[in-house]
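Values quoted throughout were computed directly from the atomic coordinates according to the rules given, and no laboratory measurement underlies them. In this text the structure is predicted, and so the values were computed from the model without any measurement. Positions of Cβ are generated from backbone atoms using ideal geometry, with glycine treated the same way; all protein chains shown enter the neighbour counts.
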Amino acid sequence: MTDLIRLTDVEKTYTRGKEKIAIFERLSMRIEQGDFLALMGPSGSGKTTLLNLLGGTDRATRGTIEFDGKRIDKLSEGQLTNWRAQNVGFIFQFYNLMPILTAAQNVELPLLLTNLSPKKRRENVATALNIVGLSDRARHKPREMSGGQQQRVAIARAIVADPKLLLCDEPTGDLDRTTADEVLGTLQLLNRDLGKTIVMVTHDAAAAKFAKRTLHLDKGHFVASELAA
Amino acid sequence: MNRITYLLAHILLGVLAFLVFTRVAPGPLFSAFQLLFFILSITLIIWRGINIGWRNWAWLILLIPVVNVGFLLFAPSKERFPKRNFIEITPDRSTTVDDVRLVRWNLARNSVRTILLSVSILIAFLLFGVLVSFNVAITDVRTAPNRMVTLSKINFTESLPIAYFDRVLHTDGVLAATHMNWFGGYYQDQRRGFMAVFAVDPDSYLRVYQDDLHLTPQARETFLHERTALLVPRNIADRYHWRVGQHIPINSNIFTNGTNGSHVWDFTIAGIFETPDGNSQANSVLIRYDYFNDTITFGRDRIGWISFLTTSATVNDRVAHAIDTRFANSQDETSTQDAAAFNRSFAAQLGNIALVVTLVVGAAFAAILLIVGTTMALAVRERTKEVGVLKTLGFSSGRILRMVLGESMLLSLIGATLGLLAAAGVLYILSHLNGGGGGGFHLYPSVIGISAAIAIALGLVTGILPALSAYRMNIIEALGRR
Ligand SMILES: Nc1ncnc2c1ncn2[C@@H]1O[C@H](COP(=O)(O)OP(=O)(O)OP(=O)(O)O)[C@@H](O)[C@H]1O
Ligand SMILES: [Mg+2]
């Protein structure tokens, strides 16, 4: 299998006044194409920070980040923005849907960054909503849907532009067990049937079981775990 | 109390009230309300005119706290006005999205706020459209470029000897000339019945103003031959339902009628005339000089001013110089100028309208700028998270900047369009109500052009800070940490 992501000696430090806080000092990791990785670890261990580095919404202080063999840490701000639009789908804990838009319109947003016609966009949106099982909710606004439905709309939005990588930050953190399992099932399906590479941050061991492997992060280092492959 | 002092005092009072009460109850809704009240009261003063007594002062001073306290008591609280939208934000739920729709829907998401802001902008542009059109109407009366006026150098109310008329008429470069006297006329009521009555020499007047007055041949004949003949413009005739042949008594607030010892003269309507749009004679009521001169008890054989046409506008300066030097060092020195320049100085005597316009409109726009600017900034701050999401999805910062600017621009254009429509309506009503005073007000194309420029500038200025803050917004900070 080929590596989709390769992190080499990544350092991330925040400067707060004179004080320097190192989140990662020399972090290296590889994620294969088609992997479904669960990231666990205590609060403040750097899970969200790592996800931001992988998704290009934040930059490493030092080190290299390769995606599909290309250095994304070298890209300019504008190039990185375009790269995100083409390659990464994001799923957040609190869904982050636009309240003024319907489910279908929310899902359509990433397609505004392509040059697809409105007709083609509508088709792709329908497909994405169908995959997450929400075809009948296309015209509902976020506040007219349950948390689980909203999260599935968010998943549809993440996959509609057909990115290789899905990044999920506690996607089930706000859902009950049954709903969480449905959402996780959807993610598993995307990984298994559509070959999406998924990195999912979670605090929930049951959620991590849906992944192919789990990494534990503590104080900026991966630690051995009985679940890690 | 002069109107400008009163206005200044009011603006000061308004700003003070604004500062005090926005302290007590801050918030965009309240600020917008304050602004509305402030602008409305200024408009009222302008409408009520110059004679503002202590009673109106008292009303105003009383009104400000009363209205404010009233608002505080009945202010729509968040509980009573839950986040409800009067208009559906996305009317067509089945449509696809694009940037323009996003802008429109974002603007509509808080409909109460948007409506209040549009109304504020509407009022500013209504004021602008009406006041500036009004100003243009009285200062820029359309006259031929070769039309000139000779009047007393001391003051335009000072008269000249009638002998001057012949000399002006026979000056080199003068094509035709006539003389006119201000009668100080009114019909029945001094204030409401005021009209611009001029005593003119019929024959020469109709020659000098032949292109300005549309008269029937019959009316023309009657005016040339009947001593008590009267010519009235269509708007005044319509206002009083006058018909040709009717006997009309007209009063003078200057002269006494020697034949009956009163201030009243009797006239017979010889004709009703129309004038081209915006013509200087649009509101002139015309009587004959001979009738006037023979019956007045003082000031006989004097004329108010001489209106004449030169052979061509290029000789204007030379003719003016020739006339004025001729009468220099005489009892009655003259001042000769273009009719257009004369009209402007005449309007300036009525009060410095341009200054009032600038003050009021300036105050309105300054207030609008603050209100719309802060509200837009608030609106974008509320949407910080959404901006973060859009950036995460791959929307460029430039595109987001354009969307925010588009929103403030759209708001400003909506307000300006509605304001100008309202202004057109108000001007239409004014010119139809007001038979005597001004007449023929309308929205000038130049006013529309300037309004469009102001609207764009307003949109840019109010949107640029929030747009830049959205542009600079960092994704991680925008999405927030939990
Ligand atoms: N902008 C910042 N400035 C300073 N420190 C920061 C900043 N962002 C993150 N940190 C620090 O980095 C560390 C890792 O944060 P991160 O959000 O990645 O943790 P996390 O593992 O996602 O935690 P949680 O499980 O609570 O979401 C924390 O100690 C945090 O205080
Ligand atoms: Mg986190």
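Values for this structure:
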item: Cα centre as origin, Lys/Arg/Asp/Glu Cβ charges: the range B:366-479 dipole, Debye; result: 280
item: Rounded to whole Hz, the Karplus (6.51, -1.76, 1.60) HN-Hα couplings of the range B:366-373, x for glycine and proline; result: 4, 5, 4, 4, 5, 5, 5, x
item: 5 angstrom amide H check on A:ASP218, placed H, neighbours 5+ away; result: A:VAL223
item: For B:ALA196, residues with placed amide H under 5 Å, excluding near neighbours; result: B:VAL285
item: Kirkwood Rh and Cα Rg combined as Rg over Rh, evaluated for the range B:183-263; result: 0.96
item: Residue order, fewest to most beta carbons within 10 Å, for B:ARG113, A:ARG84; result: B:ARG113, A:ARG84
item: Part-to-part distance (alpha-carbon centres) for the range B:227-273 and the range A:76-138, which is given in Å; result: 78
item: Global geometry of the range B:164-217, whether rounded, prolate or oblate, following the gyration tensor of its Cα atoms and the 1.5 cut on a/c; result: oblate
item: Value of D in µm² per second that Stokes-Einstein yields for the range B:276-384, Kirkwood Rh from Cα pairs, at 4 °C (1.567 mPa s); result: 66
item: Listed residues B:PHE267, B:TYR291, B:GLN281: farthest to the positive end of the dipole of the range B:257-395 (Cβ charges); result: B:GLN281
item: Cα shape, the range A:1-131, gyration tensor, a/c 1.5 rule; result: prolate
item: J(HN,Hα) series, the range B:453-469, from Karplus relation 6.51 cos²θ - 1.76 cosθ + 1.60, nearest Hz, glycine and proline x; result: 5, 5, 4, 5, 4, 4, x, 5, 5, 6, x, 5, 5, x, 5, 5, 5
item: For B:ILE248, distant residues with modelled amide H under 5 Å away; result: B:PHE267, B:THR268, B:ILE269
item: Per-residue ³J(HN,Hα) for the range B:213-220, Karplus 6.51 cos²θ - 1.76 cosθ + 1.60, θ = phi - 60°, Hz, x for Gly and Pro; result: 10, 9, 10, 6, x, 5, 4, 4
item: Shape call, chain A: gyration tensor on alpha carbons, a/c limit 1.5; result: prolate
item: Per-selection metrics, the range B:159-331 (Cα): Rg and Dmax in Å; result: 16.6, 49
